[in-house]
Structure formats: structure tokens, C-alpha cells
Amino acid sequence: VLPGVTLGQGCIVGSKTVVAADVPPYAIVVGDPARVVRILDPDDTEEARRQAFEEYTRKDLSRDNIRRR
């Protein structure tokens, strides 16, 4: 992510993506230069996040419980 670039809330940036321009909220961007491949529905995104936190406790997500490769 280059200096001065703003990442919108809920956006997802792919691995090794070079972001040279602002990314809109809930956009998925990939590539070099970054390009929007999809815009997520904010309601679906927030619901998925809520379900994930209900399913996994903080202990489950702690660094001690995550296996390193």
C-alpha cells in the first residue's frame, strides 16, 4: 500500500497486491496495480464477521493456539 492511499472499511487486499489508489469500502482488490474484482455486500460481510466471533472464542484465536507451519 503506497503512502497516501486510503483503504475503505471492510476491504480485502490480496497477497502481493500493489495498491496505488484509494480502495472503496467492501471491495476486494488484487494485482499490480490493484484492481477491484468484487464489491461485497456490507450486510453479508458484517453478519459473517459476527458469526465468526460467536463460533470462535478469544482463546481459540490466541497466538498460543494457532499452529505455526
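Just so you know, all these numbers are worked out from the coordinates, no wet-lab data involved. Keep in mind the model is a prediction, meaning the values are calculated, not measured. Cβ sites come from the backbone with ideal geometry, for glycine too, and all protein chains shown count toward neighbours.
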Sparsely packed trypsin sites (Lys or Arg not before Pro) within the stretch 1-57, loop by DSSP, other Cβ within 10 Å at most 14: Lys16
Other-chain or far-sequence residues with amide H under 5 Å of Arg35's (modelled H): Val30
Distance (nanometres) between label positions extended 7 Å along Cα→Cβ at Leu7 and Arg50: 2.4 nm
